[in-house]
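The values are calculated or read from the model by the stated rules, or taken from the named source; none is laboratory data. Please read these numbers as outputs of a predicted model, since none were measured by experiment. Using ideal geometry, Cβ is built from the backbone for each residue, glycine included, and neighbour counts are taken over all protein chains shown.
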Amino acid sequence: MINGFWNKLNVFKRTLEKNNLTHFPSCLQIAEEFNGEENIEFSSCISQIEQVIDEFNTRFEEIESLKSSVLLYNNPLGATIDDQPPNLQLELCDLQADMFLITRQEKGPEFFKLLSKEKFPNLRDLGLKMTSMFGSTYTCESAFSFMKYIKNKNKSNLTDSSLRHLMRLSTTELEVDISSLLDEADRRQSSH
């Protein structure tokens with residue numbers, strides 16, 4: 001989204017430099033109203049757009065430096081190894097050749113949890129950093145995705161209460177260890 005807006009600002013600047021008002025309907029209307037009576041130039045607006053571009057670049061310069069990390073985080077199995085920092089390249093070679101990891105469906109934080117601390121220390125660190133920066137966004141997107149699925153599947157018999165319970169179940173990060181629960185239940189029964 002940020003890159004899209006930055007691209008639009010640059011398109012606005014280039015079109016104004018050519019006195020093309022396609023993306024500025026109000027300016028186009030003014031120019032048409034004067035219909036050649038006066039030579040109306042909107043090139044004075046270019047400096048204002050340049051100021052916005054400069055401010056935008058200043059505020060979002062860190063985003064560009066994170067771009068390759070975000071792409072790697074979203075798709076480590078498809079990442080181009082040569083485009084990555086040297087400390088990640090050999091780990092990526094191993095990761096992209098690991099049949100267990102290749103066949104997994106997990107994405108984002110769940111995928112990086114699968115990585116061995118010993119075999120993939122740098123990739124795990126990257127996963128932790130990215131999750132800490134974007135974890136709440138990921139959770140929000142996941143929750144929205146689950147909600148759409150739940151609503152489509154259970155349209156006719158879905159109450160607010162049941163939706164709330166299903167959402168809680170679908171977004172909870174708890175893993176149930178059935179074996180230890182059964183062992184504990186067996187110990188309690190045998191002690192009576």
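Just a yes or no: is a residue in region 97-110 assigned to a helix (DSSP H, G or I), charged (D, E, K, R), in the same structural domain as M130 (by TED's automatic domain parsing) and under 19 Å from M133 (Cα atoms)? Yes; the residues of region 97-110 include at least one that is assigned to a helix (DSSP H, G or I), charged (D, E, K, R), in the same structural domain as M130 (by TED's automatic domain parsing) and under 19 Å from M133 (Cα atoms). Looking across L9, L16, L21, L28, one residue alone is surrounded by 13 or more Cβ atoms within 10 Å (Cβ to Cβ), under 25 Å from the mean Cα position of the chain (by Cα), outside the structural domain of M133 (by TED's automatic domain parsing) and farther than 26 Å from M133 by Cα. It is L9. Within region 127-165, the set of residues being modelled with pLDDT under 65, assigned to a helix (DSSP H, G or I) and farther than 30 Å from L92 by Cβ comprises just one member, F144.
Considering only residues that are assigned to a loop (DSSP other than H, G, I, E, B), at pLDDT 85 or above and among the aromatic types (F, W, Y), which ones fall in region 1-58? Correct list: F24 only. Against the conditions (1) surrounded by 12 or more Cβ atoms within 10 Å (Cβ to Cβ); (2) modelled with pLDDT under 85; (3) hydroxyl-bearing (S, T, Y), Y73 satisfies every one except (2).
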